[in-house]
Amino acid sequence: MSCVSDEDRAKGPDWIARSPLGSIVVATAYCLRAGRAMRAGDAGLAWSLMADARYWAGVAISSKGIDEAREQTISTVKREKGAVGAAGRDAAYEPVRQFAYKMVKRTQPPQKGWQSRSHAARTIKDVTLRFAKRLGVQMSADQAGKTIDKWLAGMPDAAALFPEKKNSKNKKGATASTQ
């Protein structure tokens with residue numbers, strides 16, 4: 001608010017925040033602070049402030065208000081945090097996933113192979129849960145079958161180990177005959 005005119009200041013901070021001028025004012029304030037930091041010999045702070053100034057200049061160019069830009073930034077940060085958290089959880093399960101892959105190959109019925117992917121998942125579920133527990137990886141016993149089945153679907157050689165679902169063949173045939 002210290003950078004706006006008396007007339008605009010009288011309209012209040014909410015008006016400035018919604019105004020297309022708001023982001024220009026914020027960009028200008030960051031730019032001024034960057035100049036002061038540079039003169040004071042703090043190049044690191046100056047670079048940081050210039051990055052903020054460039055961001056708000058970009059907001060001004062795209063004609064967003066400060067509130068919209070702030071909300072967009074917050075939602076982006078939350079989304080990125082969620083993705084990082086999901087990747088971390090996925091990485092924690094990787095040793096268990098690799099163990100499940102190994103067990104599917106090791107315990108495959110010798111003559112006919114697996115009846116289905118879900119048959120394989122049910123067969124290795126208990127041993128996989130015990131392995132996860134030994135590693136300190138939390139797995140729900142109720143959801144383990146579904147989780148393992150999903151892992152097996154993504155297994156590199158899944159097509160060679162598991163027969164194609166019968167329903168998917170029927171659906172393909174029905175679709176082709178009705179066209």
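For segment 107-126, filtering for residues that are over 17 Å from K165 (Cβ atoms), open to solvent by 40 Å² or more (accessible area, probe 1.4 Å) and touching a residue at least 24 places away in the same chain (Cβ under 8 Å) leaves 1. In segment 69-80, the residues that are surrounded by 10 or more Cβ atoms within 10 Å (Cβ to Cβ) form Cβ pairs under 6 Å with partners that are not hydroxyl-bearing (S, T, Y), at six or more places apart or across chains, as follows: A69/V59. Counting the residues of segment 6-21 that are modelled with pLDDT under 75 and more than 23 Å from S62 (Cα to Cα) gives 0. Condition first: modelled with pLDDT of 75 or more and at positive phi. Can you find one or more residues in segment 104-112 that meet it? Within segment 104-112 (the criterion being modelled with pLDDT of 75 or more and at positive phi), the answer is no, since none of the residues qualifies.
The values are calculated or read from the model by the stated rules, or taken from the named source; none is laboratory data. A quick note: this is a predicted structure, and the numbers were derived from the prediction, not measured. Ideal geometry is used to build each Cβ from the backbone, glycine not excepted, and the neighbour counts take in all protein chains shown. Heads up: the accessible areas ignore ligands, DNA and RNA and are worked out on the full protein's heavy atoms, side chains in. Shrake-Rupley method; radii C 1.70, N 1.55, O 1.52, S 1.80 Å.
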